[in-house]
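Report on the structure given below.
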There are 2 protein chains.
Amino acid sequence: MSNDDASDLGVALPAAAAALSAEERAGLVNELKNKLQNLAGQHADVLETLSPNVRKRVEVLREIQSEHDELEKKFFEERAALEAKYQKLYEPLYTKRYEIVNGIVKVEGETNEAVMDEEGDKCVEEKGVPDFWQTAMKMNEILAEEISERDEGALKYLKDIKWSRNDDPKGFKLEFFFDSNPYFKNTVLTKTYHMVDDENEPILEKAIGTKIEWYPGKCLTQKVLKKKPKKGSKNAKPITKTENCESFFNFFNPPQIPEDDDIDDELAEELQDRMEHDYNIGSAIRDKLIPHAVSWFTGEAVQGNEYDGLESDYDSDDQDGDEDEDGDEEDEREERKGKKKRKCKCRPKSAC
Amino acid sequence: MSNDDASDLGVALPAAAAALSAEERAGLVNELKNKLQNLAGQHADVLETLSPNVRKRVEVLREIQSEHDELEKKFFEERAALEAKYQKLYEPLYTKRYEIVNGIVKVEGETNEAVMDEEGDKCVEEKGVPDFWQTAMKMNEILAEEISERDEGALKYLKDIKWSRNDDPKGFKLEFFFDSNPYFKNTVLTKTYHMVDDENEPILEKAIGTKIEWYPGKCLTQKVLKKKPKKGSKNAKPITKTENCESFFNFFNPPQIPEDDDIDDELAEELQDRMEHDYNIGSAIRDKLIPHAVSWFTGEAVQGNEYDGLESDYDSDDQDGDEDEDGDEEDEREERKGKKKRKCKCRPKSAC
């Protein structure tokens with residue numbers, strides 16, 4: 001293996017590397033390059049240096065490994081079928097949720113009571129559960145980070161989020177359904193992740209998002225900065241400059257691996273981080289938000305949540321950080337604190 | 001929620017945080033503390049500010065969510081049963097592997113041919129596949145990093161590695177079976193991971209390893225440094241100092257969360273990194289090494305491997321980094337390079 005072959009190793013670092021500083025990582029990349037080259041060399045050696053008897057044993061071991069791998073393949077198939085079966089069972093529940101959230105069906109006991117609108121100047125009948133998806137998303141740590149204040153106006157129009165598995169190429173698709181709105185023309189925004197299999201481990205190949213057709217002046221992923229022209233300049237028009245800005249809608253314009261993948265280590269690292277971040281958002285939407293949207297909306301799903309939702313025993317009036325608490329409360333708090341544990345970043349393999 | 005309640009947030013950072021520098025992370029920890037406090041406050045608000053009609057709708061949505069969660073629980077149970085079924089099917093194959101690797105059974109076509117021993121001074125009959133597990137482990141990036149040169153003598157005696165799931169407390173156990181050896185008294189070293197469920201996501205609670213009973217002077221996780229005493233000092237004996245050192249066997253002495261979990265952010269970060277690293281090693285052994293040990297031994301399982309194992313079309317003599325290659329070879333190499341893709345750190349959820 002020549003040095004050249006390992007030049008894109010920067011995008012294939014082991015999990016542990018993510019916890020290191022940029023400098024440590026640059027060192028690690030080089031170390032790994034050397035190591036992989038050694039491993040490849042070693043591999044050839046291992047088999048060549050075996051005595052005839054040991055080589056025969058290894059041949060039989062390889063047959064046993066093949067038998068195992070055949071079984072394992074069936075296991076993956078059965079597991080995928082099981083997952084598909086349950087996705088079908090969830091479907092009607094998601095439909096009911098959609099209908100209630102968007103006011104398509106009424107629930108028992110609803111009155112025709114109207115409420116004051118936000119400006120407090122007229123009475124309106126509230127439809128469904130206003131801001132359902134936006135509220136649910138903001139309750140999730142990972143997703144809350146992505147939503148800017150400017151996004152809130154557009155996310156009001158989010159009616160539903162669905163996901164489905166793709167088989168060829170492997171991966172999954174997220175669909176965001178929007179009501180017609182003053183921000184963009186699209187009614188569905190999609191995000192697709194293409195994965196490839198490597199030793200039964202899914203590897204992200206690329207992510208693709210819908211191109212958003214913003215209405216003029218409504219783009220949320222860019223800011224227009226206006227500068228007054230210098231006094232006495234010939235052109236009296238203000239100078240406008242467009243700048244990219246933070247927005248959840250950047251999710252639909254994911255980082256891309258450049259055609260020429262001979263990028264340097266630092267850029268490769270940065271790209272890996274950005275792709276990983278993007279993948280984490282997609283996974284959070286698929287694995288957490290969509291299946292448990294109501295629990296996110298009510299806050300019951302919040303990690304390390306001290307409130308047990310509507311059935312909570314803790315009076316919310318008592319949660320204002322009162323320093324004058326008695327001993328019992330102190331104990332209770334300590335006990336609750338103990339529940340916050342280190343999160344191991346496990347994601348379902350089958351779901352990639 | 002008082003400030004105090006969020007003080008151990010440092011050990012529950014989101015996945016994306018792992019990619020940041022220490023300084024950025026310290027900032028993020030504070031930001032998250034504030035955010036979580038806001039979220040908790042928001043949660044109470046969300047439900048309190050709902051109009052009676054919307055609240056009724058949310059109550060119905062919560063019932064739908066419960067129905068979903070019941071189904072999901074069944075899904076997790078069925079998936080666990082499926083996994084257990086296949087583990088049973090793999091078992092006889094692992095036993096056969098064990099018997100061949102350790103020379104308990106002979107394979108067809110074996111001769112009584114003896115080979116020169118390492119020193120080349122006498123003929124010995126090779127038993128099984130010498131250094132099978134050690135060689136396999138060294139082929140895996142994550143595990144290779146853990147093995148020091150000093151470890152090699154002891155790892156020669158590793159006969160088998162098994163894993164099993166624990167139900168109460170949830171988690172899994174790795175067992176390392178050793179032949180009697182000059183390094184330590186134990187014949188089985190175990191490593192157990194205790195997990196807790198949080199919103200169906202496994203969280204590592206703690207890891208426990210066997211205390212290794214080293215024979216005198218044989219401990220591989222410590223080095224004894226001898227210093228000559230200063231000339232003219234009263235005590236003529238050399239001063240000995242014991243120092244911890246790198247060794248795979250540190251895996252059996254995993255990082256622990258201190259009883260007093262009010263540690264500062266920086267220490268919490270470091271602890272999180274070390275626990276995560278330890279968990280990654282355990283997962284690699286369970287998910288990669290044990291099921292595919294033969295493919296690791298032969299090198300076929302090496303990530304981004306350019307050799308297709310024994311059936312490889314590439315002549316290993318041609319892999320010496322020859323710069324004078326012709327165009328076709330260049331193309332072939334480019335094609336192979338393209339296969340190295342970013343690894344997304346997906347681990348099977350069911351396997352935690």
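The mean number of Cβ atoms from other chains found within 10 Å of a Cβ in peptide B:274-280 is 4, as a whole number. The mean number of partner chain beta-carbon atoms within 10 angstrom of a residue's beta-carbon across peptide A:290-297 is 5.
Scoring B:124-137, A:134-147, A:208-221, B:202-215 by mean Cβ neighbours within 10 Å over their residues and listing the highest first yields A:134-147, B:124-137, B:202-215, A:208-221. Applying 1/(1 + (r/R0)^6) with R0 = 56 Å to the Cβ-Cβ distance of A:Asp262 and A:Val105, what FRET efficiency is obtained, to the nearest 0.05? That gives a FRET efficiency of 0.50. For the stretch A:129-303, what does the alpha-carbon gyration tensor say about shape, rounded, prolate or oblate, given a ≥ b ≥ c as the root eigenvalues, a/c under 1.5 as rounded, and a/b over b/c as prolate? Because a/c hits 1.5 or more and a/b fails to exceed b/c, the stretch A:129-303 counts as oblate. Fully extending the segment from A:Tyr215 to A:Glu91, taken as 0.36 nm per residue of separation minus the present Cα-Cα distance, adds 41.3 nm. The A:Lys226 and B:Thr190 beta-carbon pair, evaluated with R₀ = 51 Å, returns a calculated FRET efficiency of approximately 0.15. This ranking places A:Leu267, A:Leu93 by how few other beta-carbon atoms lie within 10 Å of each, fewest first, which gives A:Leu267, A:Leu93. Treating r as the C-beta distance of A:Glu48 and A:Glu149 and R0 as 51 Å, the FRET efficiency rounds to 0.20.
Peptide A:68-78 shows a mean partner chain C-beta count of 4 within 10 Å per residue C-beta.
Legend: residue pairs A:Lys96/B:Lys56; A:Lys56/B:Lys191; A:Lys127/A:Lys185; B:Lys170/B:Lys223; B:Lys191/B:Lys226; B:Lys88/B:Lys159, Cα-Cα distance threshold 26 Å; pairs beyond threshold, A:Lys56/B:Lys191; B:Lys170/B:Lys223; B:Lys191/B:Lys226.
Just so you know, all these numbers are worked out from the coordinates, no wet-lab data involved. Nothing here was measured: the structure is a model prediction, and the numbers come from that model. We place every Cβ from the backbone using ideal geometry, glycine too, and count neighbours over all the protein chains shown.
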